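Let me begin by presenting the structure, written as structure tokens, before commenting on it.
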2 protein chains.
Amino acid sequence: MELYSGHINKLIEQFAKLPGVGSKSAQRLALHVINMPPEHVERFAQIMVDARKNIHYCKTCCTLADKEFCPICANPKRDHTTIMIVENIRDLAAYEKTGKYEGVYHVLHGAISPMLGIGPNDIRLKELVKRLEDDISEVIIATNSSLEGETTAMYISKLIKPTGVKVTRIASGVPVGGDLECIDEMTLLRALEGRTEL
Amino acid sequence: MELYSGHINKLIEQFAKLPGVGSKSAQRLALHVINMPPEHVERFAQIMVDARKNIHYCKTCCTLADKEFCPICANPKRDHTTIMIVENIRDLAAYEKTGKYEGVYHVLHGAISPMLGIGPNDIRLKELVKRLEDDISEVIIATNSSLEGETTAMYISKLIKPTGVKVTRIASGVPVGGDLECIDEMTLLRALEGRTEL
């Protein structure tokens, strides 16, 4: 908008490029930054640049890390024979928050999607195959239960089975606390198919 | 979260301090920045610092500006005898977008709120009073129709009336396209009180 100063417009533009930030939010965020103490703004900017500069992918599981290996892969208390495969770091974070999973992870950074032209070579599968040379007892596929996630799960399972390593898939079904009448048909059918004996 | 690297955690923290950004959004934004090309991140950071450093308040209307005066106050085609008082720059932007208002503005940067301890001296009223020494034909009060906005409007009207300048308040009522049954009682009563003859 012409009515803002050039500096503010540029800043609004930058915020608007971030995911999930519309033009109104970008405006609010930019005006908030303008009203922050200058030293806080400089600190924010520095942290942003530093984070981008100093980040690496963990050499084992491909998650983001400050050092060569991430804290999970570097932790001898974790079960390094069990690998959970996730699409991205937020999914890893979600499982890590449960505090119950003791194995390690492998982050694919995406999922196979013929629609978007993302093939097996575009996600971190080579790195996964290399890890199977070590002593691995189980690979748990925890990709999303979307079309892409399921395609990726199928692909990986076919890839790993010949090696003799046990491959499992996390259960799909009714969310805990979910009200049956509010749940879509696909999920209800999945829950039925996946029923277990009590 | 411990599972992220220190650099990412710091960046998430920074984003989470912004208004309307929850912890999940902050995580998403930080991970997005991490995946941006480094030169884009540096550009974003630089724009942020520059904007904060180079911004001034317009010497006339107190809005944010690159120069001593904002583009609106510097525009000789605007009607400089009509001043619209708004609480903040976003409100100014909203009226400016209508493209129909030809006068100038005065940005208070807040509203009087005894609850929050914001008094008349905490908003840009001194600057407003000074402007009344010039040839002003009308002051339109466009503060929000909230408790704070109304309090501020009342205060300003009492402040200006003795000077003989015409003071008006924007109308409060049913929004255009609004469905009567969905509108709160206060608004309905306001609309009734403010009815005009056809």
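The values are calculated or read from the model by the stated rules, or taken from the named source; none is laboratory data. On a predicted model such as this, the values are computed, not experimentally measured, just so you know. Don't worry about glycine lacking a Cβ; one is built from the backbone with ideal geometry, like all the others, and counts go over all protein chains shown. Note: accessible area is taken over every heavy atom of the protein model, side chains too, but ligands, DNA and RNA are not part of it. Shrake-Rupley method; radii C 1.70, N 1.55, O 1.52, S 1.80 Å.
Considering region A:126-139, and only residues there that are open to solvent by 30 Å² or more (accessible area, probe 1.4 Å) and among the charged types (D, E, K, R), the residue that is nearest to A:Ile170 (Cα to Cα) turns out to be A:Glu138.
Take the conditions among the hydrophobic types (A, V, I, L, M, F, W, C), modelled with pLDDT of 90 or more and at positive phi and apply them to B:Cys70. Does it pass?
No: the conditions fail for B:Cys70.
Do you know which of the residues in region B:2-43 that are open to solvent by 80 Å² or more (accessible area, probe 1.4 Å) and more than 29 Å from the chain's Cα centre (by Cα) is modelled with the lowest pLDDT? Selected residue: B:Glu2. Restricting attention to region A:44-66 and to residues that are more than 8 Å from chain B (Cβ to nearest Cβ) and open to solvent by 20 Å² or more (accessible area, probe 1.4 Å), the residue that is modelled with the lowest pLDDT turns out to be A:His56. Does B:Asn75 qualify as being open to solvent by 10 Å² or more (accessible area, probe 1.4 Å) and at the interface with chain A (Cβ under 8 Å from one of its Cβ atoms)? Against the criterion (open to solvent by 10 Å² or more (accessible area, probe 1.4 Å) and at the interface with chain A (Cβ under 8 Å from one of its Cβ atoms)), B:Asn75 does not qualify.
Restricting region B:78-104 to residues that are basic (Lys, Arg) and either within 11 Å of chain A (Cβ to nearest Cβ) or within 15 Å of B:Thr143 (Cα to Cα) (or both) leaves a set whose member that is least open to solvent (accessible area, probe 1.4 Å) is B:Arg90.
Of all positions in region B:140-147, none carries a residue that is over 15 Å from B:Val86 (Cβ atoms) and open to solvent by less than 90 Å² (accessible area, probe 1.4 Å). I'd like to know if region B:112-125 contains one or more residues that are open to solvent by less than 10 Å² (accessible area, probe 1.4 Å) and more than 23 Å from A:Met36 (Cα to Cα). No.
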